[in-house]
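The values are calculated or read from the model by the stated rules, or taken from the named source; none is laboratory data. Just so you know, these numbers come straight off a predicted model, no measurement behind them. The protein model used for the area step is the full one, side chains on, heavy atoms only, and it has no ligands, DNA or RNA in it. Shrake-Rupley method; radii C 1.70, N 1.55, O 1.52, S 1.80 Å.
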Amino acid sequence: MLIREMKPSEYGELENFLYDAIYIPEGVQKPPRKILTRPELKIYVDDFGARADDCCVVAEVDGKIVGACWARIMNDYGHLDDETPSIALSVKKNFRRQGIATALLEKISARLAEKNFRRMSLSVQKENLAAIELYRKTKFEVVFQRGDELLMTKTLLA
């Protein structure tokens, strides 16, 4: 497995990873792909790479991208303030539980710290216990609860 920066020519793949990142509880039908046209989801990928704060790392296995973690300052579900990038994380189903998400989170943390961000944030569904466990293991802390979501942050620079 190789963890690396996403190339600008690959930014189009973020839409696929965003769709895969949508949490679907057990027994619930996955929404149609057109859900990605909603403004609250488009914000994660529209014009990615055009802003100075945009940052994305990917996991590559056998020459194929199997996971992505990307960050930008945006008014999304994980928005904390205008100085804190929100992140999105997605690993293809067949590659989960192999340490890829942890490696992606470590790499994006290092890259954002290099860019002098003090912290990063994310939103996660309360019932997504596997994700919450992963985030806690990688030093995220719950800041507050909003409906069925938890807003979590990770300190990057003290």
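Give the long-range amide H neighbours of ILE43: residues separated by 5 or more places, or on another chain, with amide H under 5 Å away, using H modelled in the peptide plane at 1.01 Å from N.
none
Cα atoms only: what Rg and Dmax, in Å, come out for the chain?
14.6, 42
Working out 0.36 nm times the residue gap between ALA50 and GLU114, then minus their Cα-Cα distance, what length gain in nm do you get to one decimal?
The span from ALA50 to GLU114 would gain 21.2 nm if fully extended.
With every protein chain left in place, what is the accessible area per residue of the stretch 1-134 in square angstrom, probe 1.4 Å? Working shown, then result.
Values: 7240 Å² over 134 residues.
Result: 54 Å² of accessible area for each residue.
Quick one, could you list the DSSP H helices from the chain stretching 18 Å or more along their long axis (Cα atoms) with average Kyte-Doolittle hydropathy of 1.0 or above?
Membrane-span-like by this criterion, though nothing is claimed about a membrane: none.
Rounded to whole Å and sorted largest first, what semi-axes of the equivalent ellipsoid does the C-alpha gyration tensor of the stretch 81-158 yield via the square root of 5 times each eigenvalue?
20, 17, 10
Counting only protein heavy atoms and using a 1.4 Å probe, what share of the accessible area of the chain belongs to carbon plus sulfur, as a whole percent? If you can, show how the numbers build up before the last one.
Details: 4190 of 8840 Å².
C and S fraction of accessible area: 47 percent.
Determine the relative contact order of the chain: mean sequence separation of Cα pairs under 8 Å and six or more apart, normalised by residue count, in whole percent.
20
Taking only Cα atoms and a 10 Å spring cutoff, compute GNM fluctuations for the chain and point out the largest among ALA21, ALA88, ALA68.
ALA21
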